[in-house]
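Below is one structure, written out as structure tokens; comments come after it.
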Amino acid sequence: MRGLALALLALAACSDEVSGELRLARPITTATATATVVLWEYDRDVADTSADAIARFVVAPVTQGVQAVPFTLEPADADSGLAHYVTAEVDQDSDGLSEVGDFVVDDFHAVDLGQRDVIIPLVPRADR
């Protein structure tokens, strides 16, 4: 029985799950916000190749006033031989449009499959 427990622990440690939290530059100001986090997979050795979304986390509504949103991305089929990154946004009015005042990623966030405690800083979208 002890061997089975150790095997289950080892299997859990090999999970491709990526988790962490979005950290917003300032508190969410609406009661209707939607947070979306996407895990992407791509081959960094092939020029001009597109990335494939392999996991998505969406929570709505996000509690007004929060500055951190925990997330867990659980890819159904991931290739550890490829590269991975995370994108994220908080749509303050949940209209599906990226507008001034929504929160967005302003940098590239590479991650490893199985990585825990990923921190993704989000800043308010500027006038564009």
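For the pair S80 and A68 in one chain, pulling the backbone fully straight at 0.36 nm per residue adds 1.5 nm over the alpha carbon distance.
Taking the longest Cα principal axis of the chain as reference, the axis of helix 2-13 is set at about 40 degrees. For the stretch 48-65 versus the stretch 69-85, the inter-centroid distance based on Cα atoms is 11 Å. In this simple spin-label approximation, V46 and D95 carry label points 7 Å from Cα along the Cα→Cβ vector, and these lie 3.8 nm apart.
Placing pseudo-labels 7 Å out from each Cα toward the beta carbon at V58 and T29 gives an inter-label distance of 2.5 nm. Taking chymotrypsin sites (Phe, Trp or Tyr not before Pro) across the stretch 31-125, the ones in a DSSP loop with at most 12 further Cβ atoms lying within 10 angstrom of their Cβ are F108. Once you have a ≥ b ≥ c as the square roots of the Cα gyration tensor eigenvalues for the chain, tell me rounded if a/c is under 1.5, and otherwise prolate or oblate according to whether a/b is larger than b/c. Note, shape of the chain comes out oblate.
When each of D91, D107 is scored by the number of other beta-carbon atoms lying within 10 Å, the sequence from fewest to most is D107, D91.
Throughout, read-outs are computed from the coordinates displayed, never taken from laboratory work. Here the structure is a predicted model, which means the values were calculated and not measured. Backbone-built Cβ (ideal geometry, glycine too); neighbour counts: all protein chains shown.
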